[in-house]
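Working notes, beginning with the structure itself.
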Amino acid sequence: MGMDADVVIVGAGPVGSALAIMLGRAGCQTLLIDRCQFPRDKPCGEGLMPAGNRVLEELGIGLRDFPSISGVTYHVPGHGRAEGKFMTGSVGRGTRRTDFDKMLADHADATQNVETAFGCDARDVQVGSDEVLLGTTQGQIVARFLVGADGMRSRVATWMGWSRPARSRRYGLVGHLAARDHGIDRVLITLLDGCEVYLAPSSRDELLVALLGAKGHLRPRGVTVRESYSRRVAQAHPELAGCQQSTIHGAGPFWTRPSNIASRRVFLIGDAAGFLDPLTGDGMTAGFVAASKLSHLLINEADASAAYRHWEAKQWQRRLFMGRLALALTNTAALGRRAIRGLSKRPVALDRLLEVNEGSRSLRSLSPRDWAALGGF
Ligand SMILES: Cc1cc2nc3c(=O)[nH]c(=O)nc-3n(C[C@H](O)[C@H](O)[C@H](O)COP(=O)(O)OP(=O)(O)OC[C@H]3O[C@@H](n4cnc5c(N)ncnc54)[C@H](O)[C@@H]3O)c2cc1C
């Protein structure tokens, strides 16, 4: 049977599109499909960490049209704030997802050796010894490899029998606020009772605000989503109370991890390979770094799956540690307040934690004084 492609990628979100660009440039015949047409929206905090920005810069994809982000601030009203900054010369970006995802999907579409089919829904898969058969609404596709980049509730993971239920009861509510010339160039995370308010610049005149927490805290009984969202925004940012709001989207529950992420012919990447919690803001960055690795392995390794599983397990361990740490500090008010106090006195410890979070520094490189600062000493 003839092949339609070396690699078929299901999902042209940021991670699937970046992977298609990398594979196409390396001479690999790649087919990228998505059930949506672009632009399409995706509930997200929209903060791209510097390590993710660097992957795109190395591909020659500059993000100068997207607002820059210089660091992350944690704030507990009445108990102070801790300000972390990204390494000198490093910058993150506020990536309004409608624009960002379309820009990357367009880049993929214009890349040599990449074919795209948008508005094409993948329906089922059969894995043979030499090829993968993917059923779609536009007919069957035959390829050497299949990559599921199809998000947190990955259908590819389900077809492979790898998906597992979400383990967290945390959800998100995401909206945008019109805020002319706001001048904000960092992510601001405000820890409220039972809920975190995550704010990031999405353009010069617009801010993204996401609420994260358990359902009952995000929307108490008898209150509409919009009312509850407005109250929490006003509580964390009284200066934004009167700003015009967009539609509010829900997301969650979080904390998903399939039982496997790679077999001989099928691979998972991005949120399809596991999603912890939005609080660490590292989802897109981790996906771009994984795309660099997987494209290299698919082209150069006879058994890419074993090498990918091995590499990804180490990344996942670090992300898991950081996810648990972030949740422990936000879920326990006393610990969160102590950490803010310690980190505000030693901001370099927070700078370093941000680097560990995005994978550009190892956990082992943190000093005892950094850990002491996190403990409030
Ligand atoms: C509330 C919230 C806040 C977040 N904040 C941040 C943040 O600040 N920074 C950050 O980096 N990350 C953040 N994330 C995570 C980030 O949104 C994800 O990590 C990122 O979108 C993953 O990209 P992806 O390409 O893997 O998947 P997605 O962006 O989910 O794309 C998957 C694509 O697959 C397509 N698809 C699905 N099924 C099929 C099918 N059967 N056939 C064809 N196509 C299909 C979909 O249409 C979609 O376009 C946040 C997430 C949430 C929920």
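The values are calculated or read from the model by the stated rules, or taken from the named source; none is laboratory data. From a predicted model like this one, the values you see are computed outputs, not experimental measurements. Cβ placement follows ideal geometry from the backbone for every residue including glycine, while neighbour counts extend to all protein chains displayed. Side chains included, ligands, DNA and RNA excluded: accessible areas come from the protein's heavy atoms. Shrake-Rupley method; radii C 1.70, N 1.55, O 1.52, S 1.80 Å.
Worth a mention:
- Convex hull volume of the chain per residue (C-alpha atoms, cubic angstrom): 134 Å³
- Here's the picture: a label point sits 7 Å out from the Cα of S344 along the beta-carbon direction, and within the stretch 178-194 the residues with their amide nitrogen under 15 Å of it are 189-192.
- In this label model, N300 and A26 are separated by 0.8 nm, measuring between points 7 Å along each Cα→Cβ vector.
- Under a Gaussian network description of the chain, with springs only between Cα atoms under 10 Å, the residue in M160, M49, M152 that fluctuates furthest is M160.
- When the Cα convex hull of the stretch 127-276 is projected onto planes of every orientation, the mean area is 11.6 nm².
- The stretch 198-325: relative contact order in percent, alpha carbon pairs under 8 Å with at least 6 residues between: 16 percent
- V225/R123 FRET efficiency (R0 30 Å; Cβ-Cβ; nearest 0.05): 0.40
- Ordered from longest to shortest, the equivalent ellipsoid semi-axes for the stretch 136-186 are 36, 19, 11 Å, each the square root of 5 times a Cα gyration tensor eigenvalue.
- When every Cα-Cα distance of the stretch 244-377 is counted in 5 angstrom steps from zero, the calculated P(r) takes the values 2, 9, 17, 18, 16, 13, 12, 8, 4, 2, 0 percent.
- Here the accessible area of the chain is 49 percent carbon and sulfur, with a 1.4 angstrom probe and all protein chains present.
- L298 exposes around 20 Å² of accessible area when a 1.4 Å probe is run over every protein chain in place.
- Calculated from backbone phi, Karplus (6.51, -1.76, 1.60) coupling profile of the stretch 179-186 in Hz, x at Gly/Pro: 8, 4, 6, 5, x, 8, 10, 8
- DSSP-defined beta bridges in the chain - what % are antiparallel, rounded to 5: 70 percent
- Among Q37, S17, T95 - extreme Cα towards positive end, dipole of the stretch 1-107, charges at beta-carbon: T95
- Two-site label geometry, A372 and Q37: point separation in nm, points 7 Å out along Cα→Cβ: 6.2 nm
- The base-10 log of I(q)/I(0) for the stretch 228-308, evaluated at q = 0.10, 0.17, 0.21, 0.22 Å⁻¹, reads -0.43, -0.79, -1.00, -1.06 [Debye formula, identical scatterers on Cα atoms, solvent excluded].
- For the pair D205 and D181 in one chain, pulling the backbone fully straight at 0.36 nm per residue adds 8.1 nm over the alpha carbon distance.
- Ellipticity estimate at 222 nm from DSSP helix runs (n ≥ 4, -39,500 (n - 2.57)) divided over the chain, nearest 500: -11000 deg cm²/dmol
- Kirkwood radius and radius of gyration were both taken over the C-alpha atoms of the stretch 170-251, and their ratio Rg/Rh is 0.94.
- Accessible area expressed per residue, the chain, with surrounding protein chains retained (probe 1.4 Å, Å²): 44 Å²
- Rounded tilt (10° steps) of 347-358 against the dominant C-alpha axis of the chain: 20 degrees
- Lysine pair number, Cα distance threshold 24 Å (strictly under), the chain, separation 8 or more or different chains: 5
- The listed residues W255, W371, once ranked by accessible area (1.4 Å probe) with the largest placed first, stand as W371, W255.
- Modelled this way, with points 7 Å down the Cα-to-C-beta line, the labels at N331 and S68 are 3.8 nm from one another.
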